[in-house]
């Protein structure tokens, strides 16, 4: 990989094909006070492309709706989107560009914690507020007082899944298969283990892989030998489908458990029928009877012709609380936006009520969903 | 014990996949002394042409050997065409140029295809059409052997045997060996070197096409970057076995697969890639010609 990836930037430049589907929309009038510039960075291409694309759709829905209703105090919101190709180093580079070149007043992104962590120090350094829609690793908002998120964090998500496994599923023996390279995966595994052991459960096997692997049979064979009742797989949908298939091929009948990184239509496409009956924690459910959620789903379907996944909902909410903050202040200056974001309380979002706490995380409940055919069936709502 | 047997089976299967891709590298290297880095992208394009072909012809509706043959045929055809284009447009103009130029061009072609693939096919992973059903072939206690596992290993061995026969006992094969030995003397003997190189590329590319379908069926997630890692591993396998040698490629692949499996099972998956590339360094240091190789490996 080393040799090849060193050539990547050079070649991409030389060939002029920039892997991205959406070029930054830079308007000619950079200093025009008639508009408010917001930056977005995400994985529009790369292995986890549905993360970036879903989030982007959610964000655009929120911003387009606001703009067609007249914008904020007569000013249009301009969204500048940058693709990081799913790479942390790209994330850092594009965020720097958004701040220094495009002069955005706030930044939305990312889904993956590893990439949010790469970008956050830059946003903090330039004092530009950054809102992550769905990065759940606790370290993300610890970077500084300009970094926010609208979702729950891994200690909560991990312990919720542990609680669910012990209380609802009555499991005793669980194996873990985690991604060595992902902050998200390691964090979830750690907090799940802690809570599950505290509640009297046993982790019978702990195996790891690296994002991009295709063969998981070595790990799964080891797991099989410890005969667990369930396997907790804190990973992204790209690997989960293959892991599920190979587990079933090896004759493993254990229940599969996961986190919000599973949420993608691709999970069913690649994982079915092996993924049937699996449970994971998520940011929202389409079955919610919250009017704000149903309104979001309806408008999303009208605009994009598909049912939004959890990441689209989280993206929408990140944009919504930013819009709310912008509405409350006379001038869109980063410092004022930051102060206003920090005071967000009981905001009625698509993923439920959002209150930003002192650590700039959102206090929210987690939805446990079950994979049934090609839909996610709501099972239960668990609080802290 | 049962575990160990299962690990050996898993390792052999993984190795068979590396072997299949490694054969393509070794074919081209044997003749041109060129490491065709674009090989893994030809493989990727093969997988996608099978994907689109199967969807267009609605082959998923009635899976079976007919559908399987059609998909393999399609994949091989597209790979042949791509191999032809790459050779004609990128490598042939550089025939007289220094080796480094050709090598860098190969990396360029590889990256060009990877990123064009993201634009054309989309970057999100897709499900490879299941044109042939996989099922457990044997179950002894806990030990499982899948139908595809046997098929892939069988295909790798069969292809190796056929290629070996072709190279050793046919007229074209003899010409390939002559070009491999010395292309300048081959010209003097009246061999059309460009034609022979083209034949080699055709062979290498069609191998990528076959591998793409088999691997696609086994690991049914395809994406434009799918070739990168498997290509590099297969390349290491080819060097390990002795680049330029067909049995070496298969042997190297199997050794790689087995050792990776054992490392992941009994040490940690963190060392998986470290092992693969560590092996490469080790082999280049102590036995540059590989396990069965005779020819000298060029420094790249």
Size-normalised alpha-carbon gyration radius of the range B:195-293, reference 2.2 N^0.38 Å: 1.16
Packing-wise, with mean Cβ within 10 Å as the measure, how do A:236-247, B:141-152 rank, highest first? A:236-247, B:141-152
Extension length gain for residue A:339 and residue A:34 (0.36 nm per residue less Cα distance), in nm, is 107.5 nm
Note down the nm distance, to one decimal, between modelled labels 7 Å out along Cα→Cβ at residue B:161 and at residue B:266. 3.2 nm
Relative contact order of chain A, please, whole-number percent, based on alpha carbon pairs below 8 angstrom and at least 6 residues apart. 16 percent
Once you average over the residues of B:212-221, how many Cβ atoms of partner chains fall within 10 Å of each Cβ? 3
Considering the zone a paramagnetic label at residue B:193 would reach in this model (a point 7 Å from Cα along the Cα-to-Cβ line), which residues of the range B:10-32 have amide N under 18 Å from it? B:28-32
Would you work out the Kirkwood radius for the range A:213-364? I mean one over the mean of 1/r across all pairs of different Cα atoms, in Å. 17.8 Å
Can you classify the range A:47-107 as rounded, prolate or oblate using the Cα gyration tensor, where a ≥ b ≥ c are the square roots of its eigenvalues, rounded means a/c under 1.5, and otherwise it's prolate if a/b beats b/c and oblate if not? oblate
Using alpha-carbon positions, the gyration tensor of the range B:128-228 gives root eigenvalues a ≥ b ≥ c; with a/c under 1.5 called rounded, otherwise prolate if a/b exceeds b/c, else oblate, the class is prolate
222 nm mean residue ellipticity, helices alone, for chain B (DSSP H n ≥ 4; -39,500 (n - 2.57); rounded to 500): -24000 deg cm²/dmol
Looking at the range B:21-69, what % of the alpha carbon pairs are farther apart than 12 Å? 68 percent
Based on the Kirkwood radius over alpha-carbon pairs, what is the Stokes-Einstein translational diffusion coefficient of chain B at 25 °C with 0.890 mPa s viscosity, in µm²/s? 125 µm²/s
Within 10 Å of the Cβ of an average residue in B:261-274, the count of other chain Cβ atoms is 4
Would you please give the FRET efficiency between residue A:359 and residue B:88, computed as 1/(1 + (r/R0)^6) with r the Cβ-Cβ distance and R0 = 56 Å, to the nearest 0.05? 0.40
When the Kirkwood hydrodynamic radius is evaluated over all pairs of different C-alpha atoms of the range A:328-384, what value in angstrom, to one decimal, is obtained? 13.7 Å
Per its Cα gyration tensor (rounded if a/c is under 1.5, else prolate when a/b beats b/c, else oblate), the range B:1-128 is best filed as oblate
What Kirkwood Rh does chain A have if only Cα atoms enter the pairwise 1/r average? Answer in Å. 21.1 Å
With each pseudo-label sitting 7 Å past Cα toward Cβ, what's the residue A:329-residue B:287 distance in nm, one decimal? 6.6 nm
Just from its helices, what would the mean residue ellipticity at 222 nm be for chain A, if runs of 4 or more DSSP H residues each count -39500 (n - 2.57) and the sum is divided by every residue, rounded to the nearest 500 deg cm²/dmol? -13000 deg cm²/dmol
When the Debye formula is applied to the Cα atoms of the range A:140-286, each taken as the same point scatterer, what base-10 log of I(q)/I(0) results at q = 0.19, 0.21 Å⁻¹? -1.14, -1.39
As a footprinting exposure proxy, order B:86, B:196, A:131 by other Cβ within 10 Å, with the fewest listed first. B:196, B:86, A:131
Distance cut-off 35 Å, percentage of C-alpha pairs in the protein assembly as shown lying past it: 46 percent
Take each of the peptides B:163-173, B:91-101, B:32-42, A:105-115, average the number of other beta-carbon atoms within 10 Å over its residues, and list them starting from the highest. A:105-115, B:32-42, B:163-173, B:91-101
How many percent of Cα pairs in the range A:239-286 exceed 17 Å? 27 percent
So in chain A, what percent of DSSP beta bridges are antiparallel if you round to the nearest 5? 35 percent
Roughly how tilted is helix A:2-15, in degrees to the nearest 10 and between 0 and 90, from the longest Cα axis of chain A? 30 degrees
Neighbouring partner chain Cβ atoms per residue of B:138-146, average, 10 Å criterion: 2
Highest average packing first - B:113-122, A:50-59, A:63-72, A:297-306, Cβ atoms within 10 Å: A:50-59, B:113-122, A:63-72, A:297-306
Need one number: % antiparallel among DSSP beta bridges in the protein assembly as shown, to the nearest 5. 40 percent
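A short reminder: the numbers here are calculations on the coordinates, not readings from a lab. Owing to the predicted nature of the structure, the values given are computational and were not obtained by experimental measurement. Quick reminder, even Gly has a Cβ in these numbers, built from the backbone with ideal geometry, and neighbours come from all protein chains shown.
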